[in-house]
Amino acid sequence: GVSRINRAEKAFKDGDLESAYALAMEELESNPESDRARVIAGLVYVAARDYAAAREMLTPVTDSNPQLSGIANRELARIAQAFGEASAARTFLLKSLQANSQDTQTVDQRIFLASLLGETREARQLSFRQIQSGVISPNYLTILGSSRVSLESSVAFAKQCLAKNPHDALPRLALAQKSWSDDQLDDVRDQLTPLIQQYPDLFEARSLWCQL
């Protein structure tokens, strides 16, 4: 017969989340090391928006299978973003792309996060790469045609992140860009100083600093 984990994966693909979860949990009971079962259970938790349980389930997934570790890191990034953890989300997405650079969902998420954070060069380069490889989406064309997603949504995301994680300076890039557009140069300096200390290689932060 078909193995339990294959049945779990099929149930998940068919949208039968309850069966997928039950089968994945049975599999984990008899085989606690099963990354496949962890990923299925984790995806069900994400679908149910139980992010704490999803994080606990997906964090131990190993790097032994690039496709599985790619999915786990992509979902951990989604959870981090929902929790306002910008830096963690970025790190998980980079790991996910290392494991599986062709996964369109991961690339889309990275482009979205990059444009939210004000990493416009990264967002454009990835969009351009996608278009070159034959994947055409209105999002890519919008990002190539405009400088970024709206500054308002970037600022809202940055404030949400800083309220939850004041020590992570990554979201300050969007605030610095907003202050720059409002001609508040002292505030640009205040936002960029801790940002460049933490992220010395961040292209947009460096180029904004050079214009001060």
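The values are calculated or read from the model by the stated rules, or taken from the named source; none is laboratory data. If you're wondering where the values come from, they're calculated on a predicted model, not measured in any experiment. Glycine also receives a Cβ, built like all others from the backbone with ideal geometry; neighbour counts cover every protein chain displayed. The accessibility values were calculated without ligands, DNA or RNA, using every heavy atom of the protein model including side chains. Shrake-Rupley method; radii C 1.70, N 1.55, O 1.52, S 1.80 Å.
A few comments on the model shown:
- Remark: Ile79 matches the filter, which requires a residue to be more than 20 Å from Gln198 (Cα to Cα) and within 16 Å of the chain's Cα centre (by Cα).
- The range 48-61 - residue that is farther than 29 Å from Gln198 by Cβ and not hydrophobic (A, V, I, L, M, F, W, C) and, of those, surrounded by the most Cβ atoms within 10 Å (Cβ to Cβ): Asp50
- Odd one out for Asp186, checked against (1) in a helix (DSSP H, G or I); (2) closer than 20 Å to Gln81 by Cα: (2)
- Considering the conditions (1) of a type outside the set (Val, Ile, Thr); (2) open to solvent by 80 Å² or more (accessible area, probe 1.4 Å); (3) within 30 Å of Asn65 (Cβ to Cβ); (4) in contact with a Leu (Cβ under 9 Å, 6 or more places away or on another chain), Arg129 is excluded by exactly one of them, (4).
- When Glu122 is tested against (1) of a type in the set (Asp, Glu); (2) within 24 Å of Asp168 (Cβ to Cβ); (3) open to solvent by less than 50 Å² (accessible area, probe 1.4 Å), exactly one condition is not met: (3).
- Test: residue in the range 140-156 that is open to solvent by less than 40 Å² (accessible area, probe 1.4 Å), among the hydrophobic types (A, V, I, L, M, F, W, C), under 27 Å from Pro200 (Cβ atoms) and at pLDDT 90 or above: yes
Table: residues versus (1) buried (at least 21 other Cβ atoms within 10 Å of the Cβ); (2) charged (D, E, K, R); (3) touching a strand residue (DSSP E or B) at 6+ places or on another chain (Cβ under 7 Å); (4) closer than 30 Å to Leu126 by Cβ.
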site	(1), (2), (3), (4)
Ser3	no, no, no, no
Glu33	no, yes, no, no
Gly84	no, no, no, yes
Ser87	no, no, no, yes
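- Some residue of the range 28-38 being in contact with a helix residue (DSSP H, G or I) (Cβ under 7 Å, 6 or more places away or on another chain) and either under 28 Å from Asp168 (Cβ atoms) or in contact (Cβ under 8 Å) with a residue 40 or more places away in the chain (or both): yes
- One residue alone among Gly70, Gly15 is among the small types (Gly, Ala, Ser) and either over 16 Å from the mean Cα position of the chain (by Cα) or more than 25 Å from Arg4 (Cα to Cα) (or both), and that residue is Gly15.
- Any hit, the range 40-53, residues being among the β-branched types (Val, Ile, Thr) and farther than 26 Å from Tyr140 by Cβ: yes
- Looking across Gln197, Gln184, Gln160, one residue alone is among the polar types (S, T, N, Q), under 15 Å from Leu113 (Cβ atoms) and open to solvent by 20 Å² or more (accessible area, probe 1.4 Å). It is Gln160.
- The one condition in (1) assigned to a loop (DSSP other than H, G, I, E, B); (2) of a type outside the set (Ser, Thr, Tyr); (3) under 18 Å from Ala89 (Cα atoms) that Pro200 fails to fulfil: (3)
- Criterion: in a loop (DSSP other than H, G, I, E, B), under 22 Å from Ile5 (Cβ atoms) and in contact with a Lys or Arg (Cβ under 8 Å, 6 or more places away or on another chain) - qualifying residue of Val61, Val46: Val61
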